[in-house]
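Shown next, in structure tokens, is the structure this report addresses.
Computed from the coordinates by the stated procedures, all read-outs in this text should not be read as laboratory data. Every value quoted in this text rests on a predicted model; they were computed, and no experiment measured them. Cβ: placed from backbone, ideal geometry, glycine included. Neighbour counts: every protein chain shown.
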């Protein structure tokens, strides 16, 4: 297993543009990004900033009920945004064709990826966000390849 990693701290929304830029630099070659962290820690907000930097031209919001949102970019490359919080079983992800999305080569941003752990690809960008009591966020991100 090979890994490239970064640890970042940020306190406010104004810091997120720089955080997103650093993550895009590190994970640009890995299409599947897995976002872990507790409810309300800022996973969707970070994904919004990433999508803005990638040229998304539509509104970015959590696909909690739809499971997947597709966003268009000014580069004609779609971005897929998943939220698997409500999944009861991995078969629900299979039913929406998650494997085809993951194999598409386009960015796939996945919130609550632990719900589909056995479906993770061999290479992915794992991003874990935690909040300290003072509101500061700690972000650890690693490009992981398991082949």
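Some values worked out for this structure:
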quantity: Stretchable slack from residue 73 to residue 59, in nm (0.36 nm times residue separation minus alpha-carbon distance); calculated: 3.9 nm
quantity: Theoretical FRET efficiency, 1/(1+(r/R0)^6), r = Cβ-Cβ of residue 89 and residue 134, R0 30 Å, to 0.05; calculated: 0.20
quantity: Residue with peak Gaussian network fluctuation, the chain [Cα springs, cutoff 10 Å], from 50, 16, 122; calculated: 122
quantity: Global form of the range 1-96, assessed from the alpha-carbon gyration tensor, a/c cut-off 1.5; calculated: rounded
quantity: Taking the chain and dividing mean pair separation by its residue count, relative contact order in percent (alpha carbons under 8 Å, at least six apart); calculated: 37
quantity: Gap separating the Cα centres of the range 1-53 and the range 63-86, nearest whole Å; calculated: 16
quantity: Three-way shape call for the range 46-147 based on the alpha-carbon gyration tensor, with the a/c threshold at 1.5; calculated: rounded
